[in-house]
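Just so it is clear, none of the values below were taken in a lab; they were calculated from the coordinates. Nothing here was measured: the structure is a model prediction, and the numbers come from that model. Heads up, the Cβs are rebuilt from the backbone with ideal geometry, glycines too, and the neighbour counts pull from every protein chain shown.
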């Protein structure tokens with residue numbers, strides 16, 4: 001996992017491109033000092049503006065739960081969606 005990057009390329013209706021990158025990054029805690037890992041996130045826009053962030057274990061668990069709930073909702077909604085009559 002240390003050298004794996006998960007990249008998502010998004011494009012808006014106005015042809016604005018956003019790239020997201022996820023990777024495992026090293027960090028640390030102090031008092032007492034110890035090395036830790038987090039999920040690193042990089043957001044680029046088409047002007048090459050870069051924003052960096054990270055999620056710790058708890059935040060990552062919360063995101064995973066949210067994504068699972070979204071997936072379930074989308075699957076259920078799409079199963080029930082009927083074509084509109086013209």
Inset, instruction - Could you let me know the centre-to-centre spacing of segment 17-36 and segment 41-78, using Cα atoms, in angstrom? - result: 16
Legend entry - Added length on full extension, which subtracts the Cα-Cα distance from 0.36 nm per residue, residue 4 to residue 59: 17.8 nm
Legend entry - Over the chain: helical MRE at 222 nm, DSSP H runs n ≥ 4 each giving -39500 (n - 2.57), nearest 500: -10000 deg cm²/dmol
Inset, instruction - Note down the Stokes-Einstein diffusion coefficient of segment 6-80 in µm²/s, whole number, using a Kirkwood radius over alpha carbon pairs, 10 °C, and 1.306 mPa s. - result: 107
Legend entry - Cβ-Cβ FRET estimate between residue 74 and residue 37, R0 fixed at 25 Å, reported to 0.05: 0.25
Inset, instruction - Could you work out how far helix 57-80 tilts from the main Cα principal axis of the chain, as a 0 to 90 degree angle to the nearest 10? - result: 10
